[in-house]
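Have a look at the structure below, then the notes.
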């Protein structure tokens, strides 16, 4: 990560590391992995957190892969960051997805400032006084994941033409 003022941002080296982490079994929920991969396939974006949503517990294997954590968060979402300050592409992706789905009730997107920091040896978050800009795409339910994924694919095709 690089710092400008009190804002941190990610660069291509960070993206390579973060994308390599999504290849580890159990890190990304199976039903949302395709969407995560599509977003990571956009040159100046990288995903950080995601959840397929739903209230059902993980399968027995998923519980093992996740170190014994057996409940899903109820929200279907993908968080991502702009690489090298390409906030234009990040904002455009959110607008494109909402326009494609045609309903802000089924899918939403936003950008927020989040406190930056690190995880200490006791697994507690320690703020470092810096901020980063996080983008989020959120679906009303796991059923909308395939529609969001299709919209991201369409966006990528149009981005290449642009």
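So the values come out like this:
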{"read-out": "Residue count for region 90-103, restricted to those that are touching a strand residue (DSSP E or B) at 6+ places or on another chain (Cβ under 9 Å), surrounded by fewer than 18 Cβ atoms within 10 Å (Cβ to Cβ) and within 20 Å of residue 132 (Cα to Cα)", "value": "1"}
{"read-out": "Residue in region 8-24 that is within 22 Å of residue 140 (Cβ to Cβ) and either loosely packed, with under 12 Cβ neighbours inside 10 Å or modelled with pLDDT of 85 or more (or both) present", "value": "no"}
{"read-out": "In region 104-126, the residues that are in a loop (DSSP other than H, G, I, E, B) and surrounded by fewer than 12 Cβ atoms within 10 Å (Cβ to Cβ)", "value": "104, 105, 120, 121, 122, 123, 124"}
{"read-out": "Filtered residues of region 34-64 (kept if at pLDDT 60 or above, more than 20 Å from the chain's Cα centre (by Cα) and either under 30 Å from residue 160 (Cα atoms) or surrounded by 13 or more Cβ atoms within 10 Å (Cβ to Cβ) (or both))", "value": "64"}
{"read-out": "In region 147-161, the residues that are out of contact with any helix residue (DSSP H, G or I) (no Cβ under 9 Å at 6 or more places or on another chain) and at pLDDT below 90", "value": "160, 161"}
{"read-out": "Those residues of region 79-91 which are in contact with a helix residue (DSSP H, G or I) (Cβ under 8 Å, 6 or more places away or on another chain) and free of Cβ contacts under 8 Å to residues at least 60 places away in the same chain, in sequence order", "value": "80"}
{"read-out": "Test: residue in region 134-146 that is surrounded by fewer than 16 Cβ atoms within 10 Å (Cβ to Cβ) and touching a helix residue (DSSP H, G or I) at 6+ places or on another chain (Cβ under 9 Å)", "value": "yes"}
{"read-out": "Yes/no for residue 80 being under 13 Å from residue 135 (Cβ atoms), over 14 Å from the mean Cα position of the chain (by Cα) and either at pLDDT 85 or above or in a strand (DSSP E or B) (or both)", "value": "no"}
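The values are calculated or read from the model by the stated rules, or taken from the named source; none is laboratory data. Note that the structure is a prediction, hence the values are computed from the model and not measured. Glycine gets a Cβ as well: all are built from the backbone with ideal geometry, and neighbour counts include every protein chain shown.
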